[in-house]
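Each reported figure results from applying straightforward, stated rules to the coordinates on display, with no laboratory input. This structure is a prediction, so every number in the text was calculated from the model and none was measured. So basically every Cβ, Gly included, is an ideal-geometry build from the backbone, and we count neighbours across all protein chains shown.
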């Protein structure tokens, strides 16, 4: 027993030494989020010429030093956001990242027990955020630019805000598919040459999938879904797992979120997203502060920052559409995404999703022969 | 013997109460009698309360939620919305298919795991094969690899198109041969990582076996095959059945492998179905609970069947006589046996570790040819070092170690106490204790995790959000394994040995400590090791209980996988395995000391 462990260790060590000749250098990566153009932290917190917090609030926030964020947002993306926020403000963020549905369960349970551990909660899907709000998980906080935000951004007197919308389209593996061969439209994906080589997330995988299916049924029609199902796609439970499978080339084309594709590409994955001519889906992400926040000042600064011009710019650099209508559409990986007014981005509207969600799910499961 | 047993030792028998002495004050006597009754049934009551909180309450909440229209949350529990609606989900053709798949996968993989485990156990414990210590090491080593990590590694190894094995077969002109995302793939991966359970239990039983019976058979001219068939294997029936049922239940409720290997291949099983329902938008916890109830009933039936078989007969093989199991000469089969063990080792450990290493060193997630891996700058230790310094990883590592060591020690102690109450005393209600203790086996860990979340949110004890709640949860979930491990060896140790010590003036506790426990040493150590590994590997039960400060390694790996951060998942997995290895070596060295040098 002991000798075999020793032998194993020795062999492993030898192998490690052999490979370590291959260096320990960091693989080339791309910086996604650039630094703030201007920032002043001496009294008021002013970023890019916009006041994010007054001196009293900012001083308190710095004294608190950190916040706890519960987030349903993709972990890689949330980490980029946190990196930028901490760099700008010096306030640390403890992230509890859970897939949105588990997060909902967690928040409702903790709130019910009076043990809500979050200062701030980020969550997709209006229905889930409303459920949290109904349970009393949010407290009203008016951001400095509250007056300039329209009613699709602020809700219930500032209890929660829509901050940004990721774009859900499709992407391909550039090592396996040349730019010339790459599909340009959703209809192209029905070409027999993609049979068995494509992927999609299942309808119940979260707010993202729900919005995508809403878009597909609205714009492309049920026959399109039937055609897609006939292509025998690999069906994934999470968009993260699908993204990785695409990066590794297990599948060649798959539905994908622009920001996730952007982040994967920045880490050397051979992937690229497509802006299809029929358009694509947007889904909402919301943010709210909790009434039991242990770091109330820091939490307010975080919410303010998210809804500031700087916040919008950070999200746009990742590939998300900022909720603030005055902010420009994102441009990532050299591709300018179309502005909202072009009509190509189809935002999943809360009432539309609420009305059709159940039916979408049933229809999709039936078409794809899926358990759910 | 009969002389010894006429006088019952103290504290073991409830029915043998002396009648009140005539002439004494009857009332006082009655009171004393009643008091003694109460005192003697105290252990049972204490245990029942403990088990009620650990096991029954979470189960009750799950059962309740299966019949309710809303999931039970603190402050929102009412009997208002009782319904049978949730069970409708079971009638869909897809869920029938999921059930069918689960049964097929669990049956096939437990049969395969038993064959592997039993063969290795027999080779290591009872034959003259070369390198027995190595065989033993091979038999248990896949336990160092959580099935979660194994599944991750196998999807890297044999994923369609770009799995490393496919790169190899493509390089030699054979094309893509492997697709792990298939029924055989799922069965293989489960069997590989559950075979050690069979190995541990069967090996324990085989080393404790009294060789007299085999020798007798041999003296009377029985051939090796016949002795094995009619003496050796029948004697280890409890261990065989125990491990069989255990593996069946564990593979049936296994979530990580089903999710990582089955789901991509569109093979639904009940646990992934439950996970999906829980993860649906909005979460369908009630329907998940309904599915869980059905799965539970199914597994209780299997467990009950196994109980009946074990209870029917007396399997005592360790008595006061000294004994050393006989080593059988298997002749030329030694080579075959060794080859078998090495192939298993390659499939379960060597190839997966290589795959994880490559994946964590690759600077791009995509490789199309084997040669690309050896180009300049295509491999780098950077990610591995990043992970090693990552505070999230270090925190998770600390948590995992703390939780698993606590669970192993406390869980084994609890299991021993329980097992002792059930098999060595006649306290009333001991059968119900056993029944309750075995229940978690039949509940998918992921559902149990949710039940435990509700339980500890509702109970006015501030453990939710701490590491304590994870320890409590894992002890509850692995009580059946601990109990079964301890019971298998307590059943083999003759009760008369301990009773003799008591008769000669020892206290019961002293007799247990100096007679019973040393005789059960292999069993107890195996159980501690088993619980240590199980707790170290557990993912599903922790899914609902962890917080940012109490993330475990398994959670970090699964989240990385779920988020598509495969390189980080692979790096963490490798270090995860190393930590487990260190724990095992430490545990083993404890074992070696206590046995004066061991083998």
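Tabulated values for the structure
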{"quantity": "Residue B:578-residue B:510 pseudo-label distance in nm [points 7 Å out on the Cα-to-Cβ vector]", "calculated": "4.9 nm"}
{"quantity": "Ordering of A:59-70, A:296-307 by packing [mean C-beta count within 10 Å, highest first]", "calculated": "A:296-307, A:59-70"}
{"quantity": "Order of A:194, B:154 - criterion: other Cβ atoms within 10 Å of each residue's Cβ, fewest first", "calculated": "A:194, B:154"}
{"quantity": "B:454, B:45 arranged by Cβ crowding within 10 Å, fewest neighbours leading", "calculated": "B:45, B:454"}
{"quantity": "Simple spin-label estimate for residue A:134 and residue B:417 in nanometres, 7 Å along Cα-Cβ", "calculated": "4.4 nm"}
{"quantity": "Stretch gain in nm, segment residue B:128-residue B:374, where the contour uses 0.36 nm per residue and the Cα spacing is subtracted", "calculated": "84.3 nm"}
{"quantity": "Order of B:477, B:467, A:335 under a 10 Å beta carbon neighbour criterion, fewest first", "calculated": "A:335, B:467, B:477"}
{"quantity": "Mean Cα-pair separation over length for chain A, i.e. relative contact order, pairs under 8 Å, 6 or more apart, %", "calculated": "23 percent"}
{"quantity": "Cα centroid separation - the stretch B:494-546 against the stretch B:157-176, whole Å", "calculated": "47 Å"}
{"quantity": "Relative contact order (%) - criterion: Cα under 8 Å, at least six apart; region: the stretch A:242-308", "calculated": "20 percent"}
{"quantity": "Point-to-point label distance, residue B:494-residue B:233, nm (Cα→Cβ direction, 7 Å offset)", "calculated": "2.8 nm"}
{"quantity": "Estimated FRET transfer efficiency when R0 is 45 angstrom, pair residue B:168-residue A:354 (beta carbons, to 0.05)", "calculated": "0.30"}
{"quantity": "Theoretical ellipticity at 222 nm over chain A - DSSP helices of four or more residues, -39500 (n - 2.57) apiece, nearest 500", "calculated": "-12000 deg cm²/dmol"}
{"quantity": "Förster radius 22 Å - calculated FRET efficiency between residue A:278 and residue A:195, Cβ distance, rounded to 0.05", "calculated": "0.60"}
{"quantity": "Rounded if a/c under 1.5, otherwise prolate or oblate - the stretch A:291-372, Cα gyration tensor axes", "calculated": "oblate"}
{"quantity": "Potential extension, residue B:85-residue B:386 segment - 0.36 nm per residue separation minus Cα distance", "calculated": "103.4 nm"}
